[in-house]
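Just passing along the structure, written as structure tokens.
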Amino acid sequence: MKRGLLFLVSLVFGTGAFAQYPAKPIRLVVPFPAGESVDATARLVGQSWSAALGQQILVDNRGGAGGTIGSEAVAKSPPDGYTLLWGNVGPLAIGPGLYKKLGYDVAKDFEPVSLVATLPFVLFASPMLPANSVTELVAYAKAHPGEINFGSTGVGSGLHLIAELFKSVAGIQIVHVPYKGVAQALPEMMSGKVQIAFNTIPAFLPHVKAGRLKALAITASARSPLLPDVPAMTEAGLAGVQGGSWHAVVAPAGTPRAIIERLNQTLVATISVSELRNQLLNQGAQPVGGSPEELRKFMQTEGEKWGRVIQSSGARAD
């Protein structure tokens, strides 16, 4: 009822009724613990965005259940523009297919604001693995079915599902070894107990430069300036293996259109500033921006894509 009333007010009074927005600080819910890469990026963008809005953006970390707990909290918040969600591929695209019971409907309970950035994954390999390219890895895996282990940050995580997609497209048999965090997988990759793992570029980049890990391919249509010598999956003949993490901002459903437009315009302008763009690029993130409608279509496509991978792999939430 409250959401419907706010919507009618927006129709009657138009943009002018919300000319003073925001009149107080905005709470930006990050559905992951403080200190993680998602949180760091949210704080980086939030700091610049608050200057554009003329109000402070307060980051509220609400981690748990793959980001779904914090996302549900935002879905049930008043649609007044003062509670926003720093969305991610996990709760907005993977969660709906992974959890039998979810406290929100991505299509019905959120108003898209804008896509912020995308982060492709990289296929990393142990230095002990006798393969220095994706082609060699696939050939080795086919000659040794079930002998290659791949690490991830847990069942149903983006790092698990991109490996399942790779496994399916390449037609190989590899074994999943889930960990609670990246730090646990690193020693076993270096020792050769776990041969491969997907991750974002910054997470393993220092180890690649030090020769402790190998980077075989990036799950994007083009190479990354951070790893210019690492080919894209398309160059290895596996164009179907594309995907990664991403950041987006959404608001509770029913948030007045005038507020959504104000948020969108200021956010897109913020991530267009060269200094912030360079900071994001150095983190392995590609700044995007775009309209609320483009984000809605993107989330729908991502949800369908990862839903198919979840179904085919048989992944279930822990």
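Taking +1 at the Cβ of each Lys and Arg and -1 at the Cβ of each Asp and Glu, which of SER157, VAL134, THR83 sits farthest along the dipole of the range 73-171 towards its positive end, judged by Cα position relative to the Cα centre?
Highest projection toward the positive end goes to SER157.
If we count other beta carbons within 10 Å of each Cβ, what is the order of THR83, THR270, THR234, fewest first? Intermediate results must be reported in sequence, preceding the final value.
Values: THR83 20, THR270 23, THR234 17.
Ordered by Cβ neighbours within 10 Å, fewest first: THR234, THR83, THR270.
Give the Kirkwood hydrodynamic radius (Å, one decimal) of the range 166-287, defined as one over the mean of 1/r across all pairs of different Cα atoms. Spell out each step's value before the answer.
Working: mean 1/r = 0.0579 Å⁻¹.
Kirkwood radius, the range 166-287: 17.3 Å.
Here's another thing I want to ask about it. Relative contact order of the range 120-236, please, whole-number percent, based on alpha carbon pairs below 8 angstrom and at least 6 residues apart.
Details: 209 pairs, mean separation 44.7, N = 117.
Relative contact order of the range 120-236: 38 percent.
Still on this structure, I have one more. Quick check on my link table: of LYS167/LYS193; LYS101/LYS167; LYS24/LYS297; LYS76/LYS108; LYS100/LYS305, which ones sit more than 21 Å apart, alpha carbon to alpha carbon?
Numbers: LYS167/LYS193 19 Å; LYS101/LYS167 28 Å; LYS24/LYS297 31 Å; LYS76/LYS108 12 Å; LYS100/LYS305 18 Å.
Those over the limit are LYS101/LYS167; LYS24/LYS297.
Taking Cα pairs under 8 Å and at least six residues apart, what relative contact order does the chain come out at, in percent?
Values: 629 pairs, mean separation 86.9, N = 318.
So the answer I get is 27 percent.
What nm value, rounded to one decimal, do you get for the distance between GLU293 and ALA23 when each label is placed 7 Å out toward the C-beta?
Each label point lies 7 Å from its Cα, and together they span 3.1 nm.
For the chain, place one equal point scatterer on every Cα, skip the solvent, and apply the Debye formula. What is log10 of I(q)/I(0) at q = 0.07, 0.08, 0.10, 0.16 Å⁻¹?
The computed values of log10 I(q)/I(0) come out as -0.29, -0.38, -0.57, -1.30.
Which of LEU85, LEU53, LEU119 moves the most in a Gaussian network model of the chain with Cα springs under 10 Å?
LEU53
When the dipole is taken about the Cα centre of the range 46-151, and only Lys, Arg (+1) and Asp, Glu (-1) are charged at their Cβ, what size is it in debye, to the nearest 20?
Working: 6 positive and 8 negative charges, 40 e Å.
Once rounded to the nearest 20, the dipole reads 200 debye.
When the dipole is taken about the Cα centre of the chain, and only Lys, Arg (+1) and Asp, Glu (-1) are charged at their Cβ, what size is it in debye, to the nearest 20? Can you show the working numbers first?
Values: 26 positive and 21 negative charges, 73 e Å.
The dipole magnitude comes to about 340 debye.
What fraction of the DSSP beta bridges in the chain is antiparallel, stated in percent and rounded to the nearest 5?
60
Label the range 120-236 by shape, choosing from rounded, prolate and oblate, from the square roots a ≥ b ≥ c of the eigenvalues of the Cα gyration tensor; if a/c is under 1.5 it is rounded, and otherwise prolate applies when a/b is larger than b/c, oblate when it is not. Don't skip to the end; give the middle numbers.
On the way: a/c = 1.25, a/b = 1.07, b/c = 1.17.
Rounded.
Let me ask something else. About the Cα centre of the range 120-236, what is the dipole size in debye to 20, counting +1 per Lys and Arg Cβ and -1 per Asp and Glu Cβ, all else neutral? Before the final figure, lay out the partial values.
Details: 8 positive and 6 negative charges, 38 e Å.
With Lys and Arg at +1 and Asp and Glu at -1, about 180 debye.
Expressed as a whole number of Å, what is the distance separating the alpha-carbon centroids of the range 231-264 and the range 20-93?
So the two Cα centres are separated by 16 Å.
In addition: Tell me the mean residue ellipticity at 222 nm calculated for the chain from its helices only (DSSP H runs of n ≥ 4, each -39500 (n - 2.57), averaged over every residue, nearest 500).
Numbers: 12 runs with 132 residues, N = 318.
Computed ellipticity for the chain at 222 nm equals -12500 deg cm²/dmol.
What does the extension gain come out to for GLU147 and ASP60, with contour length at 0.36 nm per residue minus their alpha carbon separation?
On the way: separation 87, 0.36 × 87 = 31.32 nm, distance 4.28 nm.
Stretched out fully, the GLU147 to ASP60 stretch lengthens by 27.0 nm.
Pick from GLY46, GLY254, GLY64: which residue has the top mean-square fluctuation in a GNM of the chain where Cα pairs under 10 Å get a spring?
For the chain, modelled as a Gaussian network with Cα springs under 10 Å, the answer is GLY64.
Explain nothing, just compute: Karplus ³J(HN,Hα) = 6.51 cos²θ - 1.76 cosθ + 1.60, θ = phi - 60°, for every residue of the range 67-72 in order, whole Hz, x for Gly and Pro.
x, 7, 5, x, 5, 5
Quick note: the coordinates plus some simple rules give every number you see, no bench work behind them. None of these values were measured; they are calculated from a predicted model. Neighbour counts run over all protein chains shown; Cβ positions are idealised from the backbone, glycine included.
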